[in-house]
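The values are calculated or read from the model by the stated rules, or taken from the named source; none is laboratory data. Note that the coordinates shown come from a computational prediction; the quantities given were computed from them, not determined experimentally. Please note: Cβ atoms are built from the backbone with ideal geometry, for glycine as well, and neighbour counts cover all protein chains shown. Only protein heavy atoms, including side chains, enter the accessible area calculation; ligands, DNA and RNA are left aside. Shrake-Rupley method; radii C 1.70, N 1.55, O 1.52, S 1.80 Å.
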Amino acid sequence: MTKKIVITGIGATSPIGGTARDSWNALLAGESGARALEHDWVAELELPVTFAATAKVAASEVLERHEMKRLDPSSQFALIAGREAWADAGAPEVEPERLAVDWATGIGGVWTLLDAWDTLRERGPRRVLPMTVPMLMPNGPGAAVGMDLHARAGIRTVVSACASSTESLVNAYNQLQAGEADVVIAGGSEAAIHPITIASFASMQALSKRNDDPATASRPYDVNRDGFVMGEGAAALVVETEEHAKARGARIYAELLGGSVTSDAYHITAPDPSGLGASRAMRATLEAAGLEPGDVAHVNVHATSTPVGDIAEYTALREVFGDHLDNIAISATKASTGHLLGGAGAIEAMFTVLALHERTAPPTINVAELDPEIPLDVVREPRTLADGELVAISNSFGFGGHNAVVGFRSV
C-alpha cells in the first residue's frame, strides 16, 4: 500500500538568510545574495569573475569552535541546516534504527582538499592534518548530520552535480515507502566558492561576468542573461510518513508526492536541447502521483540563467504542460540565492514547500526583459496562489545529464 509522505521540518543557511525563515522572507522581499568577493586572492589571481553569492551568516557565528575545526565548510553548512530542520520538526522521538539521512553535494570538501595540498607543498607531509580525508570526503556533510542526530537506518550521499539534493528527496520518499525508516532528513550543501572553481566555471563561459553589478547578475529567462552566479549554503527537510507525523502531533508543511530521476546521456555539460530527459522526469513525477499536467499550479524551475540551459528547460516544460504552461506560476529563485550546485535542489524544494504552505509563489528578480523565445508566466512580485488543493514541482538538472524532479501537494 502506498503511504502518504509529508514534510514536517525545514532548515537552511543561504546567501540571503541564516535560517530557513530568514531566507524565505528575504526571497519574498526580492533580495539578492550576490556580492563582491573581498578575498585577497581575487585580485592576486586576476580572476575574471569577482563576485558570488556567499553565505549571509558565517558558520562561525553558529557552530562551536571545535566543530569548525573538524568540518569542511560544506559539512558546517549541512550541520547548521540539519539541526534547524530537526528542531523545526519538533525533534521527533524516533528510534535511531528508524532514522535515516539522505544528503547531497555536488563537489564536496574542495576547500579542505586544496588547503591540504598547499600545506603539503609549502610545509611538508607531517603538517597535513590527520582529519583531512574525513573532512574532504563527499559523504562528510551527510555523516556530520547523521552522527549529530544518531541516524542508524542509513546515511546515503548523492553526487549528481546540480541535481543532487533533489535526487536525495526522491530517495527519501522511496526509503519511506519501502518501510526502511520512519523519518529521513534529506538535504544538500555546497561550499565551493574557491579560486579554482570560479576560474574553471568562468573558463567554460558558465558564469555571469557582471562584476560591476553582482546583485543583478543572475537573471533567469532574461534576454540578456549571461551565466549563473555561484552560491553556497545548505538546506534540509525532515520527511516522514503521515502516520508517524500525526501520531506525534507534528505540524505538516506539505505532502511529498515523490519524484523521478532520469538522464540525458547527451553531453557532459550541455543539456539535451530537446529537453527529452527533463520532460521525462517531470512527466514520470506526475504520473506516479496520479496527476495530470493541468493539476500543477506552480513550478520552481532550475533556471540557472545560462543562455542554453534556460531555453532547454522551457522546451521541456512546454512539452509536458502544453498550453497549460501559460497558467502556471513560474519562480526562478536562483536569481536571489545564486546557484548552490549540489545544495540547489534542497533549498528550492524548501521554497516550493513554503510556497504551498503559505500559498504564495516567490518572485524572480532581475527579469528586465523576458526572452521572447521563453514565453513563461514568470512571477515578478510575490503572488497569492489559488484556494483549494495546490500541486507544485521543483526541477533540478546537472552536469553529466542528470535530471531530478520532485512534486508536492498542499495540505
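If I model segment 66-105 as equal point scatterers sitting on the Cα atoms and use the Debye formula, what is log10 I(q)/I(0) at q = 0.17 Å⁻¹?
Here log10 of I(q) over I(0) equals -0.57.
Can you give the translational diffusion coefficient of segment 187-227 in µm²/s, computed by Stokes-Einstein from the Kirkwood radius over Cα pairs at 25 °C and 0.890 mPa s?
212
Of the listed peptides 206-214, 82-90, 58-66, 96-104, what is their order by residue-averaged count of other C-beta atoms within 10 Å, with the highest listed first?
By packing density, highest mean first, the sequence is 96-104, 82-90, 206-214, 58-66.
Of all beta bridges DSSP finds with both residues in the chain, what is the antiparallel percent, to the nearest 5? Mind dumping the intermediate values first?
On the way: 41 of 63 bridges.
Around 65 percent antiparallel, to the nearest 5.
Pop out the ³J(HN,Hα) list for segment 248-255 in order, Karplus 6.51 cos²θ - 1.76 cosθ + 1.60 with θ = phi - 60°, rounded to Hz; leave Gly and Pro as x.
Listing the rounded values in order: 9, x, 6, 6, 10, 7, 6, 8 Hz.
Would you list which lysines come within 30 Å of Lys3, measuring only between C-alpha atoms, while excluding same-chain residues fewer than 8 positions from it?
Leaving aside lysines fewer than 8 places away in the same chain, those within reach of Lys3 are Lys246.
Using the alpha carbon gyration tensor of segment 191-257, what are the three equivalent-ellipsoid semi-axes (square root of 5 times each eigenvalue), largest first, in whole Å? Intermediate results must be reported in sequence, preceding the final value.
Details: eigenvalues 311, 47, 20 Å².
Taking √(5λ) for each Cα gyration eigenvalue gives 39, 15, 10 Å.
Apply the Karplus curve 6.51 cos²θ - 1.76 cosθ + 1.60, θ = phi - 60°, to the phi angles in segment 312-322 and return the couplings in whole Hz, x for Gly and Pro.
5, 5, 4, 4, 5, 4, 5, 4, 7, 9, x
³J(HN,Hα) across segment 5-11 via Karplus (A = 6.51, B = -1.76, C = 1.60, θ = phi - 60°), whole Hz, x for Gly/Pro?
Running phi through 6.51 cos²θ - 1.76 cosθ + 1.60 with θ = phi - 60° gives 10, 10, 9, 10, x, 9, x Hz.
Of the labelled options (i) 62, 50, 44; (ii) 64, 46, 37; (iii) 62, 53, 39, which one gives Cα extents along the principal axes in Å as computed for this structure?
So the structure-derived entry is (iii).
Using alpha carbon centroids, what distance separates segment 313-348 and segment 72-107, in Å?
25
Cut-off under 26 Å on the C-alpha distance; same-chain residues fewer than 8 positions from Lys209 excluded. Which lysines are left, in chain and number order?
Lys56, Lys334
Starting from the Cα gyration tensor of segment 262-411, multiply each eigenvalue by 5, take the square root, and state the resulting semi-axes largest first in whole Å.
In descending order the semi-axes read 21, 18, 15 Å.
So, for segment 260-353, what is the accessible surface per residue at a probe of 1.4 Å, expressed in square angstrom?
Spelled out: the 1.4 Å probe surface of segment 260-353, per residue, equals 31 Å².
Can you give me the distance in nm between label points at Lys3 and Arg35, each placed 7 Å from the Cα along the Cα-to-Cβ direction?
Going from the Lys3 label point to the Arg35 one covers 4.2 nm.
Give the span of segment 130-180's Cα atoms along each principal axis, as three whole-Å numbers ordered largest to smallest.
The Cα atoms of segment 130-180 stretch 40, 27, 11 Å along the principal axes, largest first.
Taking 10 °C and 1.306 mPa s as the conditions, I'd like the Stokes-Einstein D for segment 146-260 in µm²/s, using the Kirkwood hydrodynamic radius from alpha carbon pairs.
Answer, rounded: 94 µm²/s.
With a 1.4 Å probe and all protein chains left in place, how much accessible area per residue does segment 78-231 have, in Å²?
Numbers: 6170 Å² over 154 residues.
Ligands and nucleic acids excluded, the result is 40 Å² per residue.
Quick one: what does P(r) look like for segment 1-71 with 5 Å bins over all Cα pairs, in whole %?
Taking all Cα pairs of segment 1-71, the binned fractions are 4, 13, 15, 15, 17, 15, 10, 5, 4, 2, 1, 0, 0 percent.
Can you list, bin by bin at 10 Å, the percent of alpha carbon pairs in segment 225-294, starting at 0?
Percent of pairs per bin, in order: 14, 27, 36, 18, 6.
Rounded to the nearest 500, what is the 222 nm mean residue ellipticity of the chain from helices alone, with -39500 (n - 2.57) per DSSP H run of 4+ residues and division by all residues?
Calculated at 222 nm, the ellipticity per residue is -10000 deg cm²/dmol.
Taking a quarter of the surface of the Cα convex hull of segment 57-209, what do you get in nm²? Mind dumping the intermediate values first?
On the way: hull surface 43.0 nm².
The directionally averaged projection comes out at 10.7 nm².
How high is the FRET efficiency between Asp213 and Tyr266 when r is their beta carbon distance and R₀ equals 35 Å, given to the nearest 0.05?
Here the calculated transfer efficiency is 0.55.
What order do Lys4, Lys334, Lys246 take when sorted by accessible area (1.4 Å probe), most exposed first?
Output order, biggest surface exposure first: Lys246, Lys4, Lys334.
Separation of segment 371-396 and segment 287-312 by C-alpha centroid, Å?
Centre-to-centre distance over Cα atoms comes out at 9 Å.
Quick one: which of 160-170, 113-123 comes out on top by average Cβ neighbours within 10 Å, and what's the full order, highest first? Don't jump to the answer; show the numbers that get you there.
Working: 160-170: 30.5, 113-123: 13.4.
Descending mean neighbour count gives 160-170, 113-123.
Taking amide H atoms as placed 1.01 Å from N in the peptide plane, list the residues 5 or more away in sequence, or in a different chain, whose amide H sits under 5 Å from that of Ile5.
Amide H neighbours of Ile5, under 5 Å, 5+ apart: Glu242, Leu256.
What order do you get for 146-158, 250-262, 68-80, 369-381 when each peptide is scored by the mean count of other beta carbon atoms within 10 Å, highest first?
So the order, starting with the most tightly packed, is 68-80, 250-262, 146-158, 369-381.
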